[in-house]
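The values are calculated or read from the model by the stated rules, or taken from the named source; none is laboratory data. Just so it is clear, the model here is predicted, and its values are computed rather than measured. Because the Cβ atoms are built from the backbone with ideal geometry, glycine has one as well, and the counts that use them run over all protein chains shown. Surface areas here come from the heavy atoms of the whole protein model, side chains and all, with no ligands, DNA or RNA. Shrake-Rupley method; radii C 1.70, N 1.55, O 1.52, S 1.80 Å.
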Amino acid sequence: DGLVVSEKAKTNNIDVKIPKSEVEAEEKEAEEERPRESDSNILDVSSDYPRDKHISIQRRLADLEKLAKLREDERKPCPLCPEEKFKACYGHKLHRHLQNLHWKVSVEFEGYRMCICHLSCRPVKPNLIGDQTLSKMGAHYHCIICSATIVRRTDMIGHINRHVNKGETESRFITVRAPKSSYEVLKESATDVQVLPNHSTPQKTDSYFNPKMKLNRQLIFCALAVLAGERKPIECLDAFGATGIMGLQWAKHLRNSVKVTINDCNENSVTMIKENCHLNKMKVKLNIREEDDETVGNGEESSDTVEVTKMDANVVMHLRSFDFIHLDPFGTSVNYLDSAFRNVRNLGIVSLTSTDISSLYAKAQHVALRHYGCNIVRTEYYKELAARTVIAAVTRAAARCNKGIEVLLAVALEHFVLVVVRVLRGPTPADHSAKKVRYLIHCQWCEERVFQKEGNMVEENPYQQLPCDCHGSMPGKTAVLLGPLWSGALFNTGFLRRMLLEAVQYGLDEAQPLLKTLVCEAECTTLKHFSTHSPGDENKQEECGVYIRTPNAFAESYLVHGKRKSEEVLRGAAKRQRVEHSAEHPPFYYNIHRHSIKGMNMPKLNKFLNYLSEDGYRVSRTHFDPMGVRTNAPLAQFKTVLMKYSTPTYVGSQAEGPVHFPREIQVQVGGEVPAATVMKVEEAELVEDDKSGVAATVFTQSYPTHCAAD
């Protein structure tokens with residue numbers, strides 16, 4: 001009847017009969033287009049659809065239905081199934097087939113859906129006879145990135161995740177870049193950066209930018225500004241640039257004091273960093289051997305040059321030496337510590353931001369053991385435990401390179417753990433730092449904790465090191481061994497004060513309150529006593545009603561201008577550290593809510609700090625926990641003072657019945673009853689005649705020690 005089947009229809013398993021004249025025209029067009037096509041399964045659905053994607057990769061279900069050309073009055077085959085597997089059917093049935101069999105089991109990536117495909121594009125194993133079994137005409141997925149064919153959906157998800165972890169995304173394999181109109185320009189600290197619309201999701205973008213990490217960037221900037229005041233110029237590295245926001249802030253504000261290098265292993269991120277440099281009117285230096293790139297703007301100086309490199313972070317840190325290195329990978333940073341300490345200069349600074357809080361905050365304890373070699377559990381002081389875990393890993397990495405560390409700053413907040421350390425070159429500082437990595441004995445009943453004593457001798461009863469008596473009064477094993485952890489100080493007071501000065505100078509409003517809290521925590525004092533003002537001290541500055549003394553030469557934290565220290569200065573610094581060791585802030589803190597007594601109203605936190613201070617203990621608040629108290633008081637004394645100034649809570653009116661006090665009172669107070677409690681108990685005895693005897697009985701049973709003492 002003059003009708004034949006088209007070749008293009010055969011490739012898509014669609015049998016459509018058309019006239020011969022049209023078939024001959026199609027064959028001529030196919031001969032012209034055949035040299036340019038590399039895969040017969042690629043179909044150009046629309047002008048904006050990339051040609052290197054398989055037919056099974058679509059954005060919407062409607063696009064998949066367009067391939068089948070659904071019609072209610074005609075039978076149509078499935079474009080992703082062979083005719084032997086799924087015969088042609090009407091539109092409503094084909095729609096259900098596409099939705100249930102292909103679309104619902106698809107894998108999503110960057111707005112595209114990789115639907116399951118049943119075509120013969122994946123080779124299948126022959127059966128015993130030698131023929132391919134139609135029942136195993138295997139379902140598979142086509143990777144949107146590398147065009148690989150994967151059978152299982154879980155394997156496909158893992159395959160895509162491996163691409164993402166390597167920095168390989170869809171845009172890397174497609175020559176067409178996102179249009180300029182899709183970029184979004186953000187501004188932070190007088191620095192402009194352009195990002196993609198999905199910049200807040202690291203798995204779906206090459207230009208990851210998190211506005212919640214602004215405080216982290218300000219703290220790192222203050223640390224770099226303090227180091228830039230010690231020696232000039234310094235070479236600093238942002239090992240994971242992403243958008244380049246951090247390195248651009250360094251170069252824009254510190255100018256001649258720093259030589260900034262921004263690195264990233266992703267090609268699209270490097271391109272984005274270069275564009276952001278031009279956006280902020282800075283020169284771009286591609287690498288050491290190449291000449292400077294074109295200058296944007298007129299009258300620019302050489303100090304406005306930013307070097308941009310495209311390497312693995314480990315490689316760039318192995319090849320060059322730096323004074324300041326910042327590591328901020330996606331997750332843990334332990335894979336880059338050995339390279340960071342290999343070539344960092346003496347008295348340089350290494351800062352690292354860890355965002356794997358699920359493992360550090362003891363939600364995934366097996367991951368913490370695998371990454372950090374540390375055994376931790378969920379405690380009331382879990383944030384400080386996370387900071388000490390990271391510092392212990394940093395200490396071991398530095399010791400392997402014959403370097404010691406001095407912890408300048410350790411911050412653990414909701415989204416990240418930031419650690420800033422100064423590097424001290426030599427085996428002696430390395431040994432001194434390694435000795436501060438110890439195990440922690442933690443009581444699971446009362447949350448008391450103590451670092452294990454130095455030495456290699458095995459103790460007969462390690463429970464004796466704990467101040468509490470839970471092991472004797474409770475059955476079974478009551479304590480666990482955590483660590484190894486960093487047992488030294490977490491803060492350097494002089495360095496924090498200079499960071500606060502830099503924050504005031506550059507107008508970093510978000511960092512100033514946190515830095516004031518850190519200074520008080522480092523000195524273990526309350527905020528109202530935060531002052532270094534003394535008579536005759538003219539070198540001071542006032543900010544928000546607080547006097548801050550500016551650092552003098554060689555006055556704080558042994559500042560020496562230059563890249564190396566003499567042995568005499570090192571010995572003098574070590575002596576000062578030993579003398580001031582007793583003045584270090586106490587390790588860990590107690591949560592006042594965790595140790596509050598049921599049925600009692602605890603005092604306000606600031607008043608409670610004053611009560612502990614009046615008893616002769618060092619106290620301060622902590623940034624780790626808004627209701628935490630850092631003190632050198634033992635837990636028993638902490639609870640005694642808390643009970644002493646707590647007041648009973650009454651459920652109903654005092655005239656409704658006797659007051660039943662909790663049994664914890666007689667256990668924890670040890671015979672002391674506040675005067676306010678005695679007065680309220682006496683008032684409770686003035687009830688109806690039929691209840692007065694009961695009230696007196698409750699009072700006698702609740703405080704037997706107090707009555708005997710009277």
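Ignoring ligands and nucleic acids, what accessible area does residue 208 show with a 1.4 Å probe (Å², nearest 10)?
It works out to around 80 Å².
Over 25 Å between Cα atoms: which of 383/436; 214/435; 310/363; 435/477; 453/477 fall into that group?
Pairs exceeding the cut-off: 214/435; 310/363; 435/477.
With the crude spin-label approximation of a point 7 Å out along Cα→Cβ, what separation in nm comes out for residue 192 versus residue 647?
With each label placed 7 Å out from Cα toward Cβ, I get 5.9 nm.
I'd like the carbon and sulfur percentage of the solvent accessible area for the stretch 338-383, probe radius 1.4 Å, heavy atoms only, ligands and nucleic acids excluded.
The value for the stretch 338-383 is 47 percent carbon and sulfur by accessible area.
For the pair residue 378 and residue 627, how long in nm is the line joining their label points, each one 7 Å along Cα→Cβ?
For residue 378 paired with residue 627, the spin-label model returns 1.6 nm.
What FRET efficiency would be calculated for the residue pair residue 120, residue 330, taking the C-beta separation as r and a Förster radius of 41 Å, to the nearest 0.05?
0.55
Report residue 351's accessible area, 1.4 Å probe, all protein chains in place, as a number in Å² to the nearest 10.
Estimated to the nearest 10 Å², residue 351 gives 0 Å².
On the accessible surface of the stretch 590-648, probed at 1.4 Å, how many percent belong to carbon and sulfur atoms?
Carbon and sulfur atoms account for 47 percent of the accessible area of the stretch 590-648.
What distance in nm separates the two pseudo spin-label positions at residue 63 and residue 85, each 7 Å out from Cα along the beta-carbon direction?
With each label point 7 Å from Cα toward Cβ, the separation is 2.1 nm.
I'd like to know which of 602, 631, 617 lies farthest towards the positive end of the charge dipole of the stretch 590-648, counting +1 on Cβ of Lys and Arg and -1 on Cβ of Asp and Glu.
Final value for the positive-end residue is 602.
What size of dipole, in debye to the nearest 20, comes out for the stretch 590-648 about its Cα centre when the only charges are +1 on Lys and Arg C-beta atoms and -1 on Asp and Glu C-beta atoms?
100
Once the piece of chain linking residue 319 and residue 459 is laid out straight, how much longer is it, given 0.36 nm per residue of separation minus the C-alpha distance between them?
45.7 nm
Using a 1.4 Å probe and ignoring any ligands, DNA or RNA, find the accessible area of residue 524 and quote it in Å² to the nearest 10.
Probe radius 1.4 Å; accessible area of residue 524 about 10 Å².
So who's got an amide H within less than 5 Å of the one on residue 364, skipping anything under 5 residues away but keeping other chains? H placed 1.01 Å off N, in plane.
Result for residue 364 returns 359.
With every protein chain present, what is the per residue accessible area of the stretch 590-648 (1.4 Å probe, Å²)?
Here the per-residue accessible area is 43 Å².
Which percent of the accessible heavy-atom area of the stretch 407-473 goes to carbon and sulfur, probe 1.4 angstrom?
50
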